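Everything on this sheet refers to the single structure shown next.
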Amino acid sequence: MFETVGDYPVDPIMIGAEYFAQDPRSDKLNLTVGIYQDAAGQTPVMQAVKQAERRLVETQASKSYLALTGDAEYCAVLGHALMGPRFDEGWVAAQTAGGAVALRVMADLLAQMPARPTVWMQRPTYGNYVPILSAAGARFADVPYYDPLRREITFEQMLDGLQAARPGDIFLMQGVCHNPTGADMTPEQVEALLDTLEARGLVPWLDLAYLGFAGGFEADCAMARRIAERFDECIFCITLSKTFGIYRDRAGALFVKTRSGDRARVHRAVTAIVRSGASHAPDHGPSVVRTILQDPELKALWLRELDQMRARVAQVRAALVRTEQEGFGCDELAYLGRQSGMFSLLPLTDTQEAALTREHGIHVVKGGRVNVARLGPKDIPWLVRAVHDVMAPVA
C-alpha cells in the first residue's frame, strides 16, 4: 500500500537544519533555526515563566478537559492584552496549539465555505502558509511584497496586485517582524493598505508571531487594534512561542471578528473543525501566559525580559552594520539595521547562497533567510566577511 505514497514537498527550514546536521565541518554556523537565542547560543526559560509554572504546580486543581475552544479566561485575557477595549465588541475565540494550528483551523473554515474565498498572501512570506492552505484545500494567490536584491518593500506593486482580488477575499499578512524579510510596513503604508482592503471589501487576516520584538509589546499590538477598530470582519492568529519563550508548550489563539448575526454559526464551525483535528489544545503554555498577564508583578517582569530580548536583536543588527562599515567601508548590509525581528533576507542570488554554505560553512534557509538572533559576537564578522566574499565580482 505505502508504495503509492507520493513525494511530499520538504519544508525549507527543516531541510536547512538537516543539511547543517549533515555538514561534517566543525567551523559551521546555523542561521536556519527559527528561535531566539542569547549571545551564548542558549534559549533560556524566562524567569516570569518559571515563577508562573511554580504557581501552577501549587494551585492547579485538575487536568480535566476544557472546552474544544480551550480556556475562555485565557482567550479573554489575551484578547484584551492584544486589542484592549475592542475585544469587548464580540469575537469568536479559540485557544490553539501555537499559531500554526490557528492558521490551519481558519484555512479549513475558508475551504469549507460554499463559495471559497481566495486567500491573498505577500511574496515572499512565511514558508508554512502554502502547505497549511494546500492541506486544507483553500484557494490562494500572492502579490509581491519585497525585493531581496533591492532590499526594499514593493508596496505599490502589492497594492496593484490586490486589484485582482474580489470582495470577500482574504488578505493574509504579518503584523510585525515580517518573516522572512524583516521588513515591516510604515504606519502610513499600513493605513494605505487598510484603505485598499476596505475599499475592495477584502477581509484582513493578521498573523502575529513576534509580538514585542519590534517596538515592544504595546507598540506591536497597534496594527491589530487598528484593524479591529476599522473592520466588522477580520481574523487574527497568534503564537506566543517567541514572546514568552515557550516554544514546545504550544500557546496560541485564533480570534475571528464577525457581525453579531454570524457569531454563533462561526463559533460552531470553529468548534467542529477543532474537534475533527487537534480536538483539545495543550493547556500548560496558555495557563502560564494567563497567569503572567493576570499578575501585575509577573507581567512587569515578563515585559522587562521581553525588552531585553528585543534589545539584543537590535544590537546584533546594529553590530552587523557597524562591522561592515568598519571592515569594508560600505553599506551593503545597512538595511539590516533598519529592519526588525529575528529574520532578514540576505541579498544573494541562488549561486551566492550556495557558495555561502559551501565555502564558508554558513547555513541559511533557501531564499537567503537568516536568523540574526542566532549570531554571537564572534559570528558577526564571520558572516559579514563571508557575504562580501560571495558577492564579490568574479575576476
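The values are calculated or read from the model by the stated rules, or taken from the named source; none is laboratory data. Predicted, not measured: the structure shown is a model, and the values here were computed from it. Positions of Cβ are generated from backbone atoms using ideal geometry, with glycine treated the same way; all protein chains shown enter the neighbour counts.
Among the helices (runs of 4 or more DSSP H) contained in segment 42-154, which hold 3 or more residues that are closer than 28 Å to GLY277 by Cα?
Working: elements: 47-59, 72-83, 98-111, 129-136.
Ranges flagged: 72-83, 98-111, 129-136.
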Candidates ARG248, ARG230 - the one that is over 19 Å from ALA81 (Cα atoms), without any contact (Cβ under 8 Å) to a residue 40 or more places away in the chain and among the charged types (D, E, K, R): ARG248
Yes/no for LEU206 being without any contact (Cβ under 8 Å) to a residue 40 or more places away in the chain, within 16 Å of the chain's Cα centre (by Cα) and not assigned by TED's automatic domain parsing to the domain that holds TYR335: yes
Scan of segment 135-178 for residues that are among the polar types (S, T, N, Q) and either crowded, with 22+ Cβ neighbours inside 10 Å or touching a His at 6+ places or on another chain (Cβ under 9 Å) (or both), ordered by number: GLN174
Odd one out for ARG225, checked against (1) closer than 27 Å to VAL365 by Cβ; (2) under 19 Å from the mean Cα position of the chain (by Cα): (1)
Only listed residue being free of Cβ contacts under 8 Å to residues at least 12 places away in the same chain, polar (S, T, N, Q) and closer than 26 Å to PRO85 by Cβ, chosen from THR186, THR239: THR186
Members of segment 191-207 found to be under 20 Å from PHE255 (Cα atoms) and in contact with a helix residue (DSSP H, G or I) (Cβ under 8 Å, 6 or more places away or on another chain), listed by number: LEU194, LEU197, GLU198, LEU202, VAL203, PRO204, TRP205, LEU206, ASP207
Of the criteria (1) touching a residue at least 40 places away in the same chain (Cβ under 8 Å); (2) not assigned by TED's automatic domain parsing to the domain that holds PRO377, which one PHE20 fails: (2)
Qualifying residue in segment 326-339 (condition: assigned to a loop (DSSP other than H, G, I, E, B), in contact with a Lys or Arg (Cβ under 8 Å, 6 or more places away or on another chain) and closer than 25 Å to ALA209 by Cα): yes
